[in-house]
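The values are calculated or read from the model by the stated rules, or taken from the named source; none is laboratory data. Computed from a predicted structure; not experimentally measured. Quick reminder, even Gly has a Cβ in these numbers, built from the backbone with ideal geometry, and neighbours come from all protein chains shown.
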Amino acid sequence: MQYDISKSPPFPCIRVEVGPLRGSASSIPNDAKVDTGAAGTIIPTRLAKQLGLLPLGESVLVKAFDPSIPARYLPAYYVILAVGTTKMELKVLAIQRSEVLLGRDVLNKLKLLLDGPSETLDIL
Amino acid sequence: MRCAKLLSEKLEASIRAAAPREAEMSPAAEIVSVSKYPGDFILHDVCVKRFRTPAAIRFTVERVRVQEYSLSDGTRKSKGNWDKVRWALNRLYFYEIKQTLENDPKYREKFVAVRNRRIIDTDSNELELVKRVITKIGNVDFFVGKLGTISEIEFSTPEFELQE
């Protein structure tokens with residue numbers, strides 16, 4: 001998949017499908033940014049609403065980039081996330097943003113080839 | 001203000017539709033009024049009534065006025081919704097009983113699923129607990145809390161901003 005060239009420098013992106021852990025709602029495809037700086041995965045709140053997801057708990061303390069902001073609890077959701085042929089059940093957070101942010105909890109389960117000069121990302 | 005009024009009316013209609021049988025019961029003396037709620041949002045004026053039936057104490061929400069505030073600047077963030085209110089009440093119950101559960105070796109370091117002021121299941125594996133509860137009761141509101149050590153997740157990326 002092509003990098004997102006609207007960012008400078010371009011950002012590696014991938015197409016994912018997000019669906020509920022249980023229930024009848026079908027998965028929704030969404031663009032995802034690959035971000036090794038993120039320990040976890042984040043979905044847009046819009047997507048959580050579309051899927052009819054309810055927050056389940058807050059069993060993790062979330063710490064942001066800015067060290068001056070204290071860690072706090074955020075509601076967590078459980079989803080099935082599909083990247084290529086790999087499907088995984090995982091806990092995600094939801095914030096207002098346009099694309100999914102793929103963190104290391106997902107990336108560490110995948111083999112990805114980042115081809116910077118061609119600005120493409122492939123799942124191996 | 002108009003938005004809050006509309007929301008309140010909508011929620012009250014949902015309550016009446018969801019709990020017609022409880023409304024027929026005689027109320028017990030105890031009324032719990034939650035005026036402030038710590039966390040990501042604040043619920044105002046949630047009036048909860050407990051009904052004593054021969055079998056158990058039932059728990060219903062009598063009247064709800066909800067406003068959601070951002071803790072960073074005190075402005076209203078969104079309209080909220082009924083699911084969120086019920087989730088918040090489940091959450092509130094978890095924090096009410098958390099200390100007691102932490103002193104009980106049976107629950108130590110476990111995840112606990114809470115709904116309608118009841119512990120509905122526990123497990124040391126959060127995902128297994130969530131899957132089991134959803135299989136059992138469906139995709140409905142419940143809260144999962146962790147007892148004991150809480151893990152921390154770090155976003156060392158400018159892509160994620162946490163509001164102060």
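Filtering region A:28-39 to residues that are closer than 15 Å to A:VAL92 by Cα and part of a loop (DSSP other than H, G, I, E, B) leaves A:ASP35, A:ALA39. Taken over region A:60-73, the criterion of being facing chain B (nearest Cβ under 7 Å) and assigned to a loop (DSSP other than H, G, I, E, B) is satisfied by A:ALA64, A:PHE65, A:ILE69, A:ALA71.
Of the residues making up region A:1-11, those that are assigned to a strand (DSSP E or B) and touching an Asp or Glu at 6+ places or on another chain (Cβ under 7 Å) are A:GLN2, A:PHE11.
Among the residues of region B:138-154, which ones are surrounded by fewer than 16 Cβ atoms within 10 Å (Cβ to Cβ), over 18 Å from A:LEU51 (Cα atoms) and more than 7 Å from chain A (Cβ to nearest Cβ)?
Those that are surrounded by fewer than 16 Cβ atoms within 10 Å (Cβ to Cβ), over 18 Å from A:LEU51 (Cα atoms) and more than 7 Å from chain A (Cβ to nearest Cβ): B:GLY148, B:THR149.
Counting the residues of region A:40-59 that are part of a strand (DSSP E or B) and within 11 Å of chain B (Cβ to nearest Cβ) gives 3.
Scoring A:VAL60 on the criteria (1) at pLDDT 90 or above; (2) among the hydrophobic types (A, V, I, L, M, F, W, C); (3) closer than 24 Å to B:PHE111 by Cα leaves a single failure, condition (1).
Anything in region A:12-27 that is over 30 Å from A:SER118 (Cβ atoms) and in a strand (DSSP E or B)? List them, or say none. Correct list: A:GLY19, A:PRO20.
Where strands (runs of 3 or more DSSP E) fall entirely within region B:51-164, those with at least 1 residues that are modelled with pLDDT under 80 and more than 30 Å from A:ILE69 (Cβ to Cβ) are at B:57-64. Taking into account only those residues within region A:85-116 that are in a loop (DSSP other than H, G, I, E, B) and free of Cβ contacts under 8 Å to residues at least 40 places away in the same chain, which is surrounded by the fewest Cβ atoms within 10 Å (Cβ to Cβ)? Checked region A:85-116; the qualifying residue surrounded by the fewest Cβ atoms within 10 Å (Cβ to Cβ) is A:THR85. The numbered conditions (1) under 16 Å from the mean Cα position of the chain (by Cα); (2) at the interface with chain B (Cβ under 10 Å from one of its Cβ atoms) are all true for A:ILE14 except (2). In region B:82-95, the residues that are crowded, with 21+ Cβ neighbours inside 10 Å reach residues that are modelled with pLDDT under 75 with C-beta atoms within less than 6 angstrom, at least six apart or across chains, in these pairs: B:ALA88/B:LEU43. Please count how many residues of region B:116-127 are within 11 Å of chain A (Cβ to nearest Cβ) and either crowded, with 18+ Cβ neighbours inside 10 Å or over 18 Å from A:LEU54 (Cβ atoms) (or both). Here the count works out to 1.
Within region A:30-57, the set of residues being of a type in the set (A, V, I, L, M) and at pLDDT 80 or above comprises A:ALA32, A:VAL34, A:ALA38, A:ALA39, A:ILE42, A:ILE43, A:LEU47, A:ALA48, A:LEU51, A:LEU53, A:LEU56.
Is it the case that A:THR45 is surrounded by fewer than 19 Cβ atoms within 10 Å (Cβ to Cβ), among the polar types (S, T, N, Q) and in contact (Cβ under 8 Å) with a residue 12 or more places away in the chain? Judged against the criteria, A:THR45 is a match.
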